[in-house]
Amino acid sequence: MIYLDNAATSLQKPPQVAQAVLRAMQTCANPGRGGHASAARAEETVYRTRSLAARYFGLEPEQVCFTANATEGLNIALRTLIQPGDRVVISGLEHNAVTRTLAALGAEIEAVKAPLFDQDAWLSGFAAALSPQTRAVVCLHVSNVFGAQLPVAELGALCDAQGVPFVVDASQSAGLLPVRPSDWNAAFTAMPGHKGLLGPQGTGLLLCRTQPAPIRYGGTGSRSRDQTMPEDLPDRLEAGTLNVPGIAGLGAGLAFLGAQDPAGLLGRERELLRYARAGLEQLGARVWSGPGQVGVLSFQLPGKDCEETAAAYADRGIALRAGLHCAPLAHQTAGTLTEGTVRLSLSVFSQQSDITAFLNATKRILPLA
Amino acid sequence: MLDMYFTVRSVTPAQKGRDALNRAGVRCRMLRAPRAIAQNGCAYALAVRAVDGQDAALLLDRAGVETEGAWQRLQDGSFMRAWV
């Protein structure tokens with residue numbers, strides 16, 4: 001199979017990820033709960049991943065909290081900052097992980113709209129939308145539908161100047177673009193561990209530069225006599241037994257990435273994306289692309305339903321994703337809410353031969369339209 | 001003998017403190033804090049030589065590791081609060 005659905009989850013991982021998962025399952029007990037060797041091994045495994053992540057993202061280890069996925073991290077961030085009726089400014093590209101959470105919280109949402117790949121227009125849109133009533137700004141770093149990159153550093157500076165907490169969803173950028181919460185003045189930065197960071201599913205990170213409110217309560221192995229959750233991070237957010245095998249695998253993914261040349265990885269992915277775009281356009285597909293695009297390409301084949309298109313690729317052994325990609329707001333912004341798009345998304349393991357095979361399949365699928 | 005104990009609230013700051021001490025060449029062992037010095041339930045301790053106590057306190061502070069207390073382990077196994 002040719003796997004080009006990495007924006008959903010990366011499937012190809014470095015072999016050391018699975019090895020680390022297995023090793024943790026076989027040797028690690030419950031971290032932070034006992035003094036015996038297998039508990040200590042679990043503690044060291046978890047701390048190694050936490051420290052690697054801290055170095056990778058320019059933070060202290062205790063600012064790195066493990067979550068089950070980016071969605072959980074975003075839920076924590078938004079539930080910390082938002083009360084019913086609060087006004088929240090978001091990009092018009094946000095995922096349901098943000099929009100559904102805000103809806104559940106009863107927030108008043110203002111979604112900024114701009115041409116997908118025009119970073120200046122996004123920045124101007126946010127600047128115009130901010131007001132003294134704004135309680136938070138939430139923005140993704142890279143769109144999971146279109147690969148558009150948003151100017152989070154500049155947005156962070158804008159929020160900082162106005163004293164508004166800034167939340168970043170780095171789901172599609174972590175592992176590919178520099179993610180620097182301190183440089184962005186981001187109160188919270190959420191990401192999955194299982195996409196660009198190459199860890200297993202069921203892992204995620206919430207990078208905290210603001211004290212969060214827990215959404216889960218229970219044992220932490222610390223301050224046991226207190227019946228309130230500890231103030232200290234990461235314990236405050238990590239009640240219950242951690243996913244130690246998953247965290248071990250995530251650590252192996254981070255170690256792998258740490259040994260790569262980040263600029264080289266990004267350049268290679270962009271080159272593959274350009275190749276895919278040029279090939280699709282030559283074949284008459286409608287393609288969404290522009291400056292700063294990262295890792296993700298949406299397209300439509302003329303006269304063909306996007307789900308049927310993706311099914312036709314799947315029949316030919318090529319994994320893509322079609323539909324609304326859990327981001328109806330992004331499709332609304334792009335004008336594709338009715339028909340949806342087909343999405344191709346890359347990873348560090350994507351090859352030029354994968355794109356060539358994809359384009360060859362496209363040639364065979366097109367006459368069926 | 002590692003007979004000076006610094007209590008730390010949980011495992012992550014304990015690990016961070018241990019690494020800071022190790023990097024500075026201060027011999028240190030991380031362990032679950034004995035009940036007698038775990039004032040608020042479960043906690044961790046960093047044990048160092050008494051002679052390193054002052055340096056350790058400074059290094060932990062510089063590393064941003066908040067300690068709950070410092071304790072001297074006596075010959076009979078009991079603990080006495082230490083002021084470093």
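For this structure, a couple of remarks:
- Residue separation of A:Arg316 and A:Asn96 scaled by 0.36 nm, minus their Cα-Cα distance, works out to 76.2 nm of gained length.
- Summing Cβ point charges (Lys, Arg +1; Asp, Glu -1) relative to the Cα centre of region A:73-157 gives a dipole of roughly 280 debye.
- Computed across region A:1-47, the Kirkwood radius stands at 12.4 Å (inverse of mean 1/r, all Cα pairs).
- The alpha carbons of region A:249-369 occupy a box of 45, 32, 29 Å along the principal axes, longest dimension given first.
- Extending 7 Å from the Cα toward the beta-carbon at both A:Arg79 and A:Ala104 defines two label points whose distance is 0.7 nm.
- The Cα atoms of region A:191-304 give a gyration tensor whose axes a ≥ b ≥ c have a/c of 1.5 or more with a/b greater than b/c, which makes the shape prolate.
- Taking the C-alpha atoms only, the angle from helix A:306-315 to the longest principal axis of chain A is near 90 degrees.
- Acute angle (nearest 10 degrees) that the helix A:262-282 long axis makes with the longest principal axis of chain A, alpha-carbon atoms: 30 degrees
- Debye intensity ratio I(q)/I(0), log10, region A:34-95, q values 0.17, 0.25 Å⁻¹ (C-alpha model): -0.79, -1.09
- Cut-off 12 Å between beta-carbons: net charge of the residues surrounding A:Ile215, Lys and Arg +1, Asp and Glu -1: +1
- Length released on extending from A:Gln352 to A:Arg55, taking residue separation times 0.36 nm less the Cα-Cα span: 103.8 nm
- When the Cα atoms of region A:293-361 are aligned to their principal axes, the ranges along those axes come out at 33, 26, 18 Å in descending order.
- The residues A:Trp288, A:Trp122, when put in order of fewest to most other Cβ atoms within 10 Å, stand as A:Trp288, A:Trp122.
- Residue (of A:Ala311, A:Ala37, A:Leu265) at the positive-pole extreme of chain A, dipole from beta-carbon charges: A:Ala37
- Shape of region A:77-173, Cα gyration tensor, a/c cut at 1.5: oblate
- A Förster radius of 35 Å combined with the Cβ-Cβ distance from A:Met1 to A:Gln133 puts the calculated FRET efficiency at roughly 0.10.
- Kirkwood Rh in Å, taken over all unlike Cα pairs in region A:132-195: 11.8 Å
- Fraction of antiparallel bridges per DSSP, chain A only, in percent to nearest 5: 50 percent
- Counted over region A:149-238, the DSSP beta bridges are approximately 55% antiparallel.
- Calculated from the alpha-carbon coordinates, chain A shows an Rg and a Dmax of 20.8, 69 Å respectively.
- Sites B:Met1 and A:Asn30 - FRET efficiency at Förster radius 25 Å, r taken between beta-carbons, to 0.05: 0.25
- Estimated at 0.36 nm per residue, the fully extended path between A:Thr338 and A:Ala278 surpasses their Cα-Cα distance by 19.1 nm.
- Positive contributions from Lys and Arg (+1) and negative ones from Asp and Glu (-1), summed over other residues with Cβ under 12 Å from the Cβ of B:Ala24, come out at +1.
- Scoring A:97-108, A:200-211 by mean Cβ neighbours within 10 Å over their residues and listing the highest first yields A:200-211, A:97-108.
- Over chain B, the alpha carbon radius of gyration divided by the compact-protein estimate 2.2 N^0.38 Å works out to 0.95.
- For the pair A:Glu308 and B:Asp76, a Förster radius of 60 Å applied to the C-beta separation gives a FRET efficiency near 0.15, rounded to the nearest 0.05.
- Per-residue [θ]222 nm for chain A (sum of -39500 (n - 2.57) over DSSP H runs n ≥ 4, rounded to 500): -12500 deg cm²/dmol
- In summary, the aspartates and glutamates within cross-link reach of A:Lys304, defined as a Cα separation below 13 angstrom excluding same-chain residues under 8 places away, comprise A:Glu339.
- Contact order relative to length of chain A, as percent, for alpha carbon pairs under 8 angstrom and 6 or more apart: 24 percent
- Proximal aspartates and glutamates to A:Lys363, defined as alpha-carbon separation beneath 17 angstrom and excluding residues fewer than eight positions away on the same chain: A:Glu281, A:Asp305, A:Glu308, A:Asp315, A:Asp354
- Evaluated with a Cβ-only charge set (Lys, Arg +1; Asp, Glu -1), the protein assembly as shown carries a dipole of roughly 1020 debye about its Cα centre, given to the nearest 20.
- Note on the protein assembly as shown: dipole from Cβ charges, positive end direction compared against A:Ala114, A:Leu176, A:Leu337; the farthest Cα belongs to A:Leu176.
Any read-out appearing in this document is the output of simple, stated calculations on the displayed coordinates, not a laboratory observation. On a predicted model such as this, the values are computed, not experimentally measured, just so you know. FYI the Cβ positions are ideal-geometry reconstructions off the backbone, even for glycines, and counts take in every protein chain you see.
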